[in-house]
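Notes follow the structure.
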Amino acid sequence: MKILVTGFDPFGGQTVNPAYEAVRLLPDQIGAATLIKAQIPTIFGQGADLLEQLMEAHTPDAVLLVGQAGGRAAISVERIAINVQDASIADNAGAQPVDLPVVPGGPAAYFATIPVKKIVRRVQEAGIPCRVSDSAGTFVCNDLMYRMLHHIDVHHLPVIGGFIHVPYLPQQAAVLPGQAPSMSLEMIVQALHLALKEILASFDTLPIL
């Protein structure tokens, strides 16, 4: 079994992104699952194109995308991706789309197919703040999640997929104005590890496709 796990590169003037920093520290193997880890550029379209190439090259059984959500205090397991690009800041290529579709003519939204609430409970039971989120935003994170689920849907792939947002690291929050919440890298890695275990466990209860 293979699980593709991705994290974004730094964006918005930051020099680090806790998403990829945590992904790269995950083990290469969790139980029966081999992890394929990759960094995704924070660029509309280009990031999703790379993700689709990775999916085609590695044929994973599950895909877990990880992104930074500065300002959030908890691990956020996203439930839904919407067909909208609406950026309050430019991406890493300088693009700043407003009120555009991710996929013209595509469905209004897709729901994550990983076990969202089971992941939240498992992470909470470890003493880590975690919640279900009903908004992945309208920036590149949502763009990537939507394109991933759309790719799975239109190609009828036997793959489950989802997205987890993580807070700032303490060193990021320390130089920001105000009192931005943060979480240690060690705790973020632990939360992702638990999420991946729950994803792996879900295959015992999924219907045979």
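The values are calculated or read from the model by the stated rules, or taken from the named source; none is laboratory data. None of these values were measured; they are calculated from a predicted model. Don't worry about glycine lacking a Cβ; one is built from the backbone with ideal geometry, like all the others, and counts go over all protein chains shown.
Points to keep in mind about this one:
- Taking the range 71-129 as the range and being of a type outside the set (A, V, I, L, M, F, W, C), out of contact with any Gly (no Cβ under 8 Å at 6 or more places or on another chain) and closer than 15 Å to VAL140 by Cβ as the test, the residues that pass are GLN85, ASP86, SER88, ASP91, ASN92, GLY94, GLN96, PRO97, PRO101.
- Residue under evaluation LEU185, criteria (1) closer than 26 Å to ALA87 by Cα; (2) surrounded by fewer than 21 Cβ atoms within 10 Å (Cβ to Cβ), criterion not met: (1)
- Matching residues in the range 129-151 - criterion: being part of a loop (DSSP other than H, G, I, E, B), buried (at least 19 other Cβ atoms within 10 Å of the Cβ) and not aliphatic (A, V, I, L, M): GLY137, THR138, PHE139
- The residues listed here are PHE111, PHE8; of these, the one that is among the aromatic types (Phe, Trp, Tyr), surrounded by fewer than 22 Cβ atoms within 10 Å (Cβ to Cβ) and either free of Cβ contacts under 8 Å to residues at least 12 places away in the same chain or closer than 18 Å to PHE163 by Cα (or both) is PHE111.
- Selected residue (criterion: nearest to the chain's Cα centre (by Cα)) from residues of the range 179-209 that are under 17 Å from LYS117 (Cα atoms) and part of a loop (DSSP other than H, G, I, E, B): PHE203
- Just one of (1) surrounded by 20 or more Cβ atoms within 10 Å (Cβ to Cβ); (2) under 14 Å from the mean Cα position of the chain (by Cα); (3) within 25 Å of LEU157 (Cα to Cα) fails for GLN68. It is (3).
- Just so you know, in the range 11-37 the residues that are over 20 Å from LEU200 (Cβ atoms) and under 14 Å from the mean Cα position of the chain (by Cα) include one that is surrounded by the most Cβ atoms within 10 Å (Cβ to Cβ), and it is PRO18.
- Where strands (runs of 3 or more DSSP E) fall entirely within the range 62-128, those with at least 1 residues that are farther than 15 Å from LEU149 by Cα and at pLDDT 95 or above are at 62-68, 75-78.
- Scope the range 38-61; condition outside any loop (DSSP other than H, G, I, E, B) and either under 14 Å from the mean Cα position of the chain (by Cα) or touching a residue at least 24 places away in the same chain (Cβ under 8 Å) (or both); matching residues: ALA38, GLN39, ILE40, GLN46, GLY47, ALA48, LEU51, GLU52, LEU54, MET55, HIS58
- For the range 171-178, the count of residues that are at pLDDT 95 or above and not in a strand (DSSP E or B) is zero.
- Subset of the range 38-69 [in contact with a helix residue (DSSP H, G or I) (Cβ under 7 Å, 6 or more places away or on another chain) and of a type in the set (Gly, Ala, Ser)]: ALA38, GLY47, ALA48, ALA62, GLY67
- Among residues of the range 77-100, those that are surrounded by 17 or more Cβ atoms within 10 Å (Cβ to Cβ), farther than 24 Å from THR113 by Cβ and either touching a residue at least 60 places away in the same chain (Cβ under 8 Å) or in contact with a helix residue (DSSP H, G or I) (Cβ under 7 Å, 6 or more places away or on another chain) (or both), counted: 2
- Scanning the range 20-37 for residues that are in contact with a helix residue (DSSP H, G or I) (Cβ under 6 Å, 6 or more places away or on another chain) and either in a strand (DSSP E or B) or free of Cβ contacts under 8 Å to residues at least 12 places away in the same chain (or both) returns ILE30, ALA33, ILE36, LYS37.
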